[in-house]
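Chemist: So that we are looking at the same thing, I have put the structure below in structure tokens.
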Amino acid sequence: MRSGKTVAMRAGMVLLAVFYLPVIVSFAFAQAKPSSVAGLAAYRGADREEMLKAGAKKEGKVLWYTTLIAYKEIAGVFESKYPGVRVEAYRTGSTELLKRFLSEAQARRHLADVIETTPPSLMAARDHKLITPYFSPHLKLYPDDAKEEADKEKVFWTTDRESIIGLGYNKKFIRAVDVPKNFGDLMKPELKGKMGISGDATGPRIIGAMIRLKGEEFVRQLKNQEMRLYMVSGGALHELLAAGEVAMSPSIFRNHVLTGQEKGAPTEWVPLELVVSNAGGAALPAHTNNPHAALLFIDFLISPEGQKILEEKFRFASSIKNYGFKRWYPEKGLTTDQYEKSFNRWQKIVREIARR
């Protein structure tokens, strides 16, 4: 027969085991380190940042595929912040970037560690399962429209910079009283024959915004305003605006006007009711060779520090900041096919309402 003392001791041990087992299990899980790219991308441990720093230093570099013109300056800031981690970059236009990324994947020659480009290209990469969802502690700062969510905790990409499309005009040729405050004001008789629009991606996207807000019938009435079609990019159209060859355009990037003003350009920019965001997003390739450095670099781009650099030095808009106007992300909520169909329709309408 067991003594009362023995029974009491064993009961105490059982209680201690019941109490400490969850703690031991939790500790074990907390210490478990991810062994795959997907596992590392989803890691939320308190030691995440230190683990990424240590891993990135061992990897020594990150290869960044981007469409950002200012990539060298961004890379320099990152390298200064994280000594021992070199940034190598391949920079080109979004179409060429996607072609290269897809062709390398097809050849099983995976080179890119981070890809930063516009949503249509990122959508194609996602559809081909070439990017991996990732977590970042900075995601909580971003509105839903600025993230392509994979689940409640991870995203396929985050909008790290925005070129905002709105109305630009040359102050020498457009009186302040005649400057439109909304899409309806584009119909002012005083503006007939004075407007131009980009035939590149910028023009169709602002037409898409007008259709979304005012309807296609309204947009087609713009034909009476004798708007001229320029088969150039939004950036090139701003140069024509600054030179006085175009008096006004609804397809002008805010950052081009801001940088132009610093050089003495007589141009101004105003938002209309719905401002189109030409966004750039940061994504993690599924076959990254340097995952620690890649995630550290993405964290840097979307952090408040990175956003401040992109906004103040390069005049991009930041998704985490409210500028007092409503932004629209044309690709949001659409499949690649749906977006392409919408864009082709907007482009067709631009060519029908504008004169060459």
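The values are calculated or read from the model by the stated rules, or taken from the named source; none is laboratory data. Values in this document were obtained by computation on a predicted structure and should not be read as measured data. Reconstructed Cβ throughout: ideal geometry from the backbone, glycine too, with neighbour counts over all protein chains shown.
Chemist: Consider segment 333-356. How many of its residues are surrounded by fewer than 16 Cβ atoms within 10 Å (Cβ to Cβ) and either more than 21 Å from GLN225 (Cβ to Cβ) or of a type in the set (A, V, I, L, M) (or both)?
Modeler: Residues meeting the conditions: 7.
Chemist: Hey, another quick one. Only one of these is in contact (Cβ under 8 Å) with a residue 24 or more places away in the chain and either in a loop (DSSP other than H, G, I, E, B) or in contact with a Cys (Cβ under 7 Å, 6 or more places away or on another chain) (or both): ALA105, ALA89, ALA112. Name it.
Modeler: ALA112
Chemist: Say we look at segment 115-135 and pick out the residues that are touching a helix residue (DSSP H, G or I) at 6+ places or on another chain (Cβ under 6 Å) and in a loop (DSSP other than H, G, I, E, B); which of these is surrounded by the fewest Cβ atoms within 10 Å (Cβ to Cβ)?
Modeler: Looking at residues that are touching a helix residue (DSSP H, G or I) at 6+ places or on another chain (Cβ under 6 Å) and in a loop (DSSP other than H, G, I, E, B), I get PHE135.
Chemist: Can I ask one more? If GLY203 satisfies every condition in (1) in contact (Cβ under 8 Å) with a residue 24 or more places away in the chain; (2) surrounded by fewer than 17 Cβ atoms within 10 Å (Cβ to Cβ) but one, which is the exception?
Modeler: (2)
Chemist: Only one of these conditions is not met by GLY264: (1) out of contact with any Lys or Arg (no Cβ under 9 Å at 6 or more places or on another chain); (2) in contact (Cβ under 8 Å) with a residue 12 or more places away in the chain. Which number is it?
Modeler: Just one mismatch for GLY264, condition (2).
Chemist: Among the strands (runs of 3 or more DSSP E) contained in segment 136-236, which hold 2 or more residues that are within 22 Å of the chain's Cα centre (by Cα), assigned by TED's automatic domain parsing to the domain that holds TYR43 and not basic (Lys, Arg)?
Modeler: 147-149, 155-170
Chemist: Still on this structure, I have one more. Tally time: how many residues in segment 295-317 are in contact (Cβ under 8 Å) with a residue 60 or more places away in the chain and basic (Lys, Arg)?
Modeler: Result for segment 295-317: 2.
Chemist: So, one more: Can you pull out the helices (runs of 4 or more DSSP H) entirely within segment 241-356 that have at least 3 residues that are on the phi > 0 side of the Ramachandran plot and of a type in the set (D, E, K, R)?
Modeler: Ranges flagged: none.
Chemist: Please specify each residue of segment 302-332 satisfying the condition of being closer than 21 Å to TYR134 by Cβ and not hydrophobic (A, V, I, L, M, F, W, C).
Modeler: Residues satisfying the conditions are SER303, PRO304, GLU305, GLY306, GLN307, SER318, SER319, TYR329, GLU331, LYS332.
Chemist: If SER303 meets every condition in (1) modelled with pLDDT under 95; (2) hydroxyl-bearing (Ser, Thr, Tyr); (3) not assigned by TED's automatic domain parsing to the domain that holds PHE218 apart from one, which number is that one?
Modeler: (1) is the only condition that SER303 fails.
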